[in-house]
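**Q** Provided herewith is a single structure, encoded as structure tokens, for subsequent inquiry.
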């Protein structure tokens, strides 16, 4: 195309724009976290074609335009660690130390079927979209069903087949688990939004043999993430020392699993050597501030990890542990925890918290070339946030307002791959009422079993 | 009244009910934190006359009734420590360690007038009502204006005249400060909702002489609370040791200020002896989880204080420090901080967090005979909370849902002294749009001064 022949809708990135979002305040979360006070974004199918300040240039003026009415556009948030179907266990056994063995494992073994996972994931998808999260990495069972729900919801997702030595609801042997994993990789090969992933539960519950097998699987499936809980509990550190005479991070490295594909959840207790190793191998970390805090596990060394250039994404964990699937709820705790640990206001400033919720989370998932910021050529995963509530004002610093005062209910609209999944807080695809009703029906059967447990165990 | 002669609208408490709230889920926050799955509350003017399970009894059936449609009724929340007008500084100097001396004190000296305080407080009142907080203790300047705004808003408030040795915006000498305080006590003598209060800034900024004078003032004004920052910073502990050879709590006791009237804000670093002393003297503590966390000050010993029967209320601090005036935002951090400090899920369970936000906050202010729970004879300070959002479900434990998943935007209606201040999220009295516009106008002048400071100080 010659400069003398400007085609309406074309731009510098070479993408042909087909529509505009105008009159938006824009937080790009690009490398400079550039903010545009009033500007426009041009879209081309599922992608961002261009963006700029003020009114759209004349060459784009003829395109259909949606008025953002001064609302904020920011990148869709990225949640790199969740167990979506565990919405069904939300808040169960709160404040009870042995709730994992008392409630969760027995309930999972007895009651978690493909249909149950589907119901729980659908409720989770409703909440995820409503909170402005556009990409979520899941780690649970029956992940073909999880993928189907996320796909139908229009979300972007990483679906991780859990591999565990304890009785899993969807596989009796490790061979069965790997067969499910292979089927999952086949199912989502070349899918534009759903990515298959291997999810060995944790070093202590898979041990070297399984982790090594996963490492081999990952080598055979370049581009597919591996998700694992790592250095989450003191018991895990003790196990590694007792069984292998080293740290749990080192055990994982021996298995060949530390690499850019790995999404390590929690990483509460790494040694200095562990942090250096994670950085060297290019591992990403999913930080679950509320889940860790509620469990009384302490404060993860997020500042030290990031200082070593280990990318750290903000994550929700499952709603049994973190209660919500909303990254706003993680922002203030994540920031406060680092300030408390550092004894100062300075650690983890607000803009870095927003990085963790967007571009850095994308980097953790190995998807930062496609999502996590508003930049030409990237996927059009956007959230529109109303800044109208008096609770947010005055705004001296947009990042502070978003981290310490904004709520998921300020999210007005959510777009994934150029498609609005929510407009004016109404979902455009999913039936939220039905999703809730179905989930509540499952919860009723759970409650009966919980009452039984409480009768026999008190 | 004989049982043979049941008068419509009368009940066991002797109050004659004049209207009903029906079909409500009720969390009473009485001594047993009793929950009523579906019930009714009868009101009599500004008070609660009676409540019960199921449908209202026949004797009350003729009264006008409002349908709560299954929503939750809980006591209006109590915020025992705030600097309301500091909405105007919200999020200013976030992540900057020296922001107090760099921004706040210069701005306060130069720009805080009675009109500015009024504008900031009005924005704060809007946010307070919308968050379901019905009582707030303020500590700032020009408190006659604060009282006027809270009164006009229909809120219940404790207005604390700050007394400080540094240049205060509303008094040049301590005599002037005490004159303002006396005038305030006169102004609100016998007011049904507004209570005057003395607010010496902190031991290090008032020293023994001023604190002793306040103690005398408090003895002359029984029933009026005294508010003070206490044991908030390490610098304060050092000051006490250096100047008086004891702890800052002990200095305060020497001044005669430790007593049931005292609302001590923060209490981050008490010794075991200090805690015993606070308990013995009947002092109440206002815990500001987010403010403390954001300042990197560490974790207040809430568990130890409460174990010694020191009442601890959940508070917001000023929006410059805590960003919002919403107690939901304090609940999860308060709980997580204690669990982190205790290394377990067990400390500060959800129901205790709700106590701190309601009846225990009322006890801190010496008002638990009138507010803080839904019980016959108490003031009708109520909040109606919608539990409809999918994000809250399933609910295995109502307290967990409120502490870890509810948001201020779930508050549908707020009642103080029998009058709805908000219905369906619309304020019935205050003009929220005007309050915001006025506050933003003040913020514009602040921003000019801030730019000047940043030019000269960088």
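Each value in this text was obtained by applying a stated rule to the coordinates, not by laboratory testing. Note that this is a predicted model, so its numbers are computed, not measured. Heads up, the Cβs are rebuilt from the backbone with ideal geometry, glycines too, and the neighbour counts pull from every protein chain shown.
**Q** Looking at the square roots a ≥ b ≥ c of the eigenvalues of the Cα gyration tensor of the stretch A:85-180, which shape do they give, rounded for a/c under 1.5, prolate if a/b is larger than b/c, or oblate?
**A** Oblate, since a/c reaches 1.5 and b/c is not below a/b.
**Q** How many percent of all Cα-Cα pairs in the protein assembly as shown sit more than 48 Å apart?
**A** Of all Cα-Cα distances in the protein assembly as shown, 24 percent exceed 48 Å.
**Q** Testing the spin-label approximation: label points 7 Å from Cα along Cα→Cβ at residue B:216 and residue A:307. State their distance in nm.
**A** Between residue B:216 and residue A:307, the simple spin-label model gives 5.3 nm.
**Q** Another question about this same structure. Please work out how much length the chain gains when fully extended from residue A:59 to residue A:279, using 0.36 nm per residue of separation minus the C-alpha to C-alpha distance, in nm with one decimal.
**A** 74.7 nm
**Q** Residue A:98 to residue A:445: extension gain in nm, 0.36 nm per residue of separation minus the Cα-Cα distance?
**A** Going from the current span to full extension adds 122.8 nm.
**Q** By DSSP, what percent of the beta bridges with both residues in the stretch B:77-364 are antiparallel, rounded to the nearest 5?
**A** Bridges in the stretch B:77-364 are about 5 percent antiparallel.
**Q** Return the distance in nm (one decimal) between the two label points of a simple spin-label model at residue B:434 and residue B:115, each offset 7 Å from Cα along Cα→Cβ.
**A** Using points 7 Å along Cα→Cβ, the separation is 1.6 nm.
**Q** Test of understanding: ordering B:381, B:207, B:167 by Cβ neighbours within 10 Å, fewest first, what list do you get?
**A** Taking fewest neighbouring Cβ atoms as first place, the list is B:167, B:207, B:381.
**Q** I would also like to ask the following. If you bin the C-alpha pair distances of the stretch A:261-389 every 5 Å from 0, what whole percents do you get?
**A** Distribution as computed: 2, 11, 20, 23, 21, 14, 7, 2, 1, 0 percent.
**Q** I would also like to ask the following. Quick check for you: which residues of the stretch B:141-156 have the amide N under 19 Å from the point 7 Å beyond the Cα of residue B:167 toward its beta carbon?
**A** Once the point is set 7 Å along Cα→Cβ of residue B:167, B:141-142 turn out to lie under 19 Å by backbone N, inside the stretch B:141-156.
**Q** Right, here's the next one. What do you get when you divide the Cα radius of gyration of the stretch B:404-457 by 2.2 N^0.38 Å, with N the number of residues?
**A** Against the empirical 2.2 N^0.38 Å value, I get 1.77 for the stretch B:404-457.
**Q** Restricting to the stretch B:143-268, what percent of DSSP beta bridges are antiparallel, rounded to 5?
**A** 5
**Q** Tell me what chain A gives for mean residue ellipticity at 222 nm when only DSSP H runs of n ≥ 4 count, each as -39,500 (n - 2.57), the sum divided by the residue total, rounded to 500 deg cm²/dmol.
**A** Roughly -11500 deg cm²/dmol at 222 nm, from the helical runs in chain A.
**Q** With no solvent and one equal point scatterer per Cα, compute the Debye intensity ratio I(q)/I(0) for chain B at 0.10, 0.11, 0.12, 0.13 Å⁻¹ and report its log10, rounded to two decimals.
**A** Taking Cα atoms of chain B as identical point scatterers yields -0.70, -0.85, -1.01, -1.18.
**Q** Pull out the extension gain between residue B:176 and residue B:425, defined as 0.36 nm times the separation in residues minus the alpha carbon to alpha carbon distance; nm, one decimal.
**A** Length gained between residue B:176 and residue B:425: 85.5 nm.
**Q** Here's a follow-up. If I take the rotation axis that carries chain B onto chain A, which residue of chain B has the nearest beta-carbon, and at how many angstrom?
**A** B:409, 2
**Q** What are the label-to-label distances in nm, one decimal and shortest first, from residue B:220 to the same spot in the other copies, with labels 7 Å along Cα to Cβ?
**A** 8.7
**Q** Please report B:166, A:404 as a ranked list, fewest other C-beta atoms within 10 angstrom at the top and most at the bottom.
**A** B:166, A:404
**Q** Something else: Counting DSSP beta bridges in the protein assembly as shown, what percent are antiparallel, to the nearest 5?
**A** Taking every DSSP beta bridge with both residues in the protein assembly as shown, the antiparallel ones total about 45 percent.
**Q** Same structure again: Using alpha-carbon positions, what is the distance between the centroids of the stretch B:300-378 and the stretch B:141-210, in Å?
**A** Taking the Cα centre of each part, the stretch B:300-378 and the stretch B:141-210 sit 24 Å apart.
**Q** Another question, then. Just want to confirm a number: the relative contact order over chain B, from Cα pairs under 8 angstrom separated by 6+ residues, in percent.
**A** 20
**Q** Here is a follow-up. Using a 7 Å offset from the Cα along the Cα-to-Cβ direction at both residue A:346 and residue B:242, what is the distance between the two label points in nm, to one decimal?
**A** 2.2
**Q** Could you tell me how many degrees, from 0 to 90 and to the nearest 10, lie between the Cα long axis of helix B:328-342 and the main elongation axis, the longest principal axis, of the Cα atoms of chain B?
**A** 70
**Q** Can you give the angle from 0 to 90° between the axis of helix A:114-130 and the longest principal axis of chain A, with both taken from C-alpha atoms, to the nearest 10?
**A** Roughly 40 degrees, rounded to the nearest 10.
**Q** Nearest 10 degrees, 0 to 90: what angle lies between the long axis of helix B:432-457 and the longest principal axis of chain B (Cα atoms)?
**A** Helix B:432-457 sits roughly 20 degrees off the main axis of chain B.
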